[in-house]
Amino acid sequence: MATKAQILKANKAAPRTIGRSLLLTSPIALWSLLMFANPQRQSNRSLQIASVITSVFMIALFFKMMRTGSTYRWRRWFFVGLGILFPVGFIHNVMVMRGTMGIPIEEMIAGRTPFCYLPIPLLILPAAFTKTLVFPGSILPGGGMSGAGMAAMAGLWLAITLVIGKGWCSYACFFGGIEEGMAAVPTRAKLRKIDPRWRYGPWAVLLAMVLLSLALFEPAYCMWLCPFKAVSEYVAARNTVGMVQNGIFVVLFAGLVIALPLLTKKRTQCAFFCPFGAFQSIFNKTSVFDVKIDRTRCSPCVLCKTACPTMSLTDESIARGETLMSCMKCGACVDACPKDAAVWHIKGTEVGIKPERARLMFLYGAWAMAIVFGGSIIAEGLATILHIFV
């Protein structure tokens, strides 16, 4: 009897030639070289070397995607690297500038709190009702550790989101790579039966945190529930409340980002808890790209359902020929399907007609933005490590 690997190999199309793959990679190669050829990097030798390594890394991964036709496998290398190297560079910068990962209240009042994308949905209602942004950071560039400011981060998030929708969670999120790396460690899941109702978790957290942010006039998720505060920065524990907050961050990180991905081989924090992920799901409706199931090719093997790291496929959705709203366009289901029934798709076109063209168009946009956003973060993290030796 043929193994799963043999079935996949028998049904997948032959890889592209090296020449054709290089041709398809050339636009990304040019873009990567342009993005990392920043004159400001020339004065910092560690950053210069890190930029070269990152550029080659991003180009090589895209070439492998073009050569093999596989998306998820090679994207994961980038994404896990992003998840690991972001804390390295960020914590180093925080320690150099502040001397601690804890944020003193004085820094918050002064608007010097770094802004990430996670509180974006929490700011909407307070801004609508009070015309105030309830985040202790700078709107414009400046303000110490606030970096480029809220406006720049929100603008970058919006530009990427409009193109790839919830693909942000697979190509831009600088936290998700940690749990994806954990999920890749075990060869088989020890915990396989997961109640599908857990998929509603992120929506419940989103609703609760949006309302609490309005009531408390602060980004409630950042203050109380964000697991990634454990590896970035946290509220300075000057009192019992601060100690409780930091304890929650550590417990959630250990459980949702480390232990459960190791047990389930799923991105459990993203799939069952993250309110920003639920918010991003809405933008899958505005993105022109999605993943469909070609019912004329599909057989009831459900390998796509098993491969999905966020449980965005069910028996019912497969029967309808579509993924759930929570699909983050990672490509795991497409790569796993032995019949080429799970396909990339451009909305408004017929399912199964030139799916590789849809994949190419999506990847050009997603990877170009990954280079700009994630690539710069990887380079900063590498530079931090290289600075020890160079």
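The values are calculated or read from the model by the stated rules, or taken from the named source; none is laboratory data. Given the structure is predicted, the values throughout are model-derived calculations rather than measurements. In this analysis, Cβ positions are derived from the backbone assuming ideal geometry, glycine residues included, and neighbour counts consider all displayed protein chains. Each accessible area value is taken on the protein alone, full model and side chains, heavy atoms only, with ligands, DNA and RNA left out. Shrake-Rupley method; radii C 1.70, N 1.55, O 1.52, S 1.80 Å.
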Give the angle, between 0 and 90 degrees and rounded to the nearest 10, that separates the Cα long axis of helix 201-216 from the longest principal axis of the Cα atoms of the chain.
20
Take the chain, mark every one of the trypsin sites (Lys or Arg not before Pro) that falls in a DSSP loop and has at most 12 other Cβ within 10 Å, then report the longest stretch left between them, sites excluded.
1-130
Which of rounded, prolate or oblate describes segment 232-345 when judged by the alpha-carbon gyration tensor and an a/c cut-off of 1.5?
prolate
Flagged links, alpha-carbon separation over 28 Å, of Lys229/Lys292; Lys193/Lys354; Lys166/Lys305
Lys229/Lys292; Lys193/Lys354
Give the Kirkwood hydrodynamic radius (Å, one decimal) of segment 82-233, defined as one over the mean of 1/r across all pairs of different Cα atoms.
17.1
Only one of the values [x] 27.1, 114; [y] 20.1, 58; [z] 21.2, 67 was calculated from this structure for Rg and Dmax of the Cα atoms in Å; name its label.
[z]
Fluctuation leader among Pro136, Pro261, Pro275 - the chain, Gaussian network, Cα springs under 10 angstrom:
Pro136
Determine, from the Cβ-Cβ distance of Arg20 and Leu156 and an R0 of 45 Å, the FRET efficiency 1/(1 + (r/R0)^6), rounded to the nearest 0.05.
0.90
Long-range tail of P(r) for segment 288-353 (Cα pairs > 13 Å, %):
55
For helix 45-68, what angle does its Cα long axis make with the longest principal axis of the chain, in degrees from 0 to 90 and rounded to 10?
30
Using Cα centres only, tell me the gap between segment 120-134 and segment 157-183 in whole Å.
23
Mind checking the per residue accessible area of the chain for me, 1.4 Å probe, whole number of Å²?
47
How far is helix 72-97 tilted off the main Cα axis of the chain, in degrees rounded to 10, range 0 to 90?
10
Out of the total accessible area of the chain (probe 1.4 Å, heavy atoms of protein only), what percent is carbon and sulfur?
69
Given labels modelled 7 Å from the Cα in the Cβ direction, how far is it in nm from Ile385 to Ile91?
1.3
Quick query: amide H of Val291 versus all other amide H atoms, modeled in the peptide plane; which residues come in under 5 Å with a sequence gap of 5 or more or a different chain?
Thr323
